[in-house]
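Here the structure is laid out as structure tokens; the discussion comes afterwards.
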């Protein structure tokens, strides 16, 4: 049976045999090492990061004695769930993310991790806003109605890519003049709008 360690665009952690391009964590351990199952907690601190799956030859036992390893289809998925790039294993991406954060938020210098994490955690715990679809940058995620259910979908050019655990499925024409529930935290939407380019799964095209 697959472990419950795969993150969806709304931040839910599910079990699926599908593999992702990135891993990460939420600031510590949120599982029981004896059973390798999640506890009732869904984060250990406000430091939610997105990491490489391989770094300096390190090897880990997934859901072992250390922090809880989480996995993402790709970087847009991680960003939508409220994770930012890791400053250790993804330093170049993290520095670029901080520079675009500075630009997007009108700061005098790139923010440190704590500054970003405090704002992101407040947004993760807050109400989910609606956003005008016309104004959203590539990589932002919204909820769309499909077959009477709401599904996460990502803005990419003139399309919305419907998210699935295995990759992006149906490609919808991007409607204009409407607002939809926004999944990606507003601060990260601003970073994407400023020019940060996330790493997409190949199924995004």
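Assorted remarks:
- Average Cα contact separation per residue, the chain, under 8 Å, 6 or more apart, as relative contact order %: 22
- Note on the chain: with a GNM built from Cα contacts shorter than 10 Å, the maximum mean-square fluctuation among 120, 79, 38 falls on 38.
- With the simple spin-label model, which puts each label point 7 Å out from Cα in the Cβ direction, the residue 176 to residue 127 separation comes to 3.0 nm.
- Listed from fewest to most Cβ neighbours within 10 Å, the set 50, 159 follows the order 159, 50.
- Order of 145, 171 - criterion: other Cβ atoms within 10 Å of each residue's Cβ, fewest first: 145, 171
- Shape category assigned to segment 130-184 from the gyration tensor of Cα positions, a/c cut at 1.5: prolate
- Relative contact order for segment 130-184, counting Cα pairs under 8 Å that sit 6 or more residues apart, in percent: 43
- Bridge orientation summary for segment 21-143: considering DSSP beta bridges with both residues in this region, about 80 percent are antiparallel.
- The overall shape of segment 1-59, judged from the alpha-carbon gyration tensor, is rounded, with an a/c ratio under 1.5.
- Note on the chain: GNM, Cα springs under 10 Å; of 173, 194, 34, the largest mean-square fluctuation is that of 34.
- Sorted ascending by nearby beta carbons within 10 Å, beginning with the fewest, 161, 136 become 136, 161.
- Classification of the chain by its C-alpha gyration tensor yields an oblate form. The axis ratio a/c (a ≥ b ≥ c) is 1.5 or more, and b/c is at least a/b.
- Between segment 83-145 and segment 156-205, the Cα center-to-center distance that results, in Å: 14
Each value in this text was obtained by applying a stated rule to the coordinates, not by laboratory testing. What you are looking at is a predicted structure, and each value in this text was computed from that prediction instead of being measured. For neighbour counting, all protein chains shown are included, and Cβ atoms are generated from backbone atoms with ideal geometry for every residue, glycine included.
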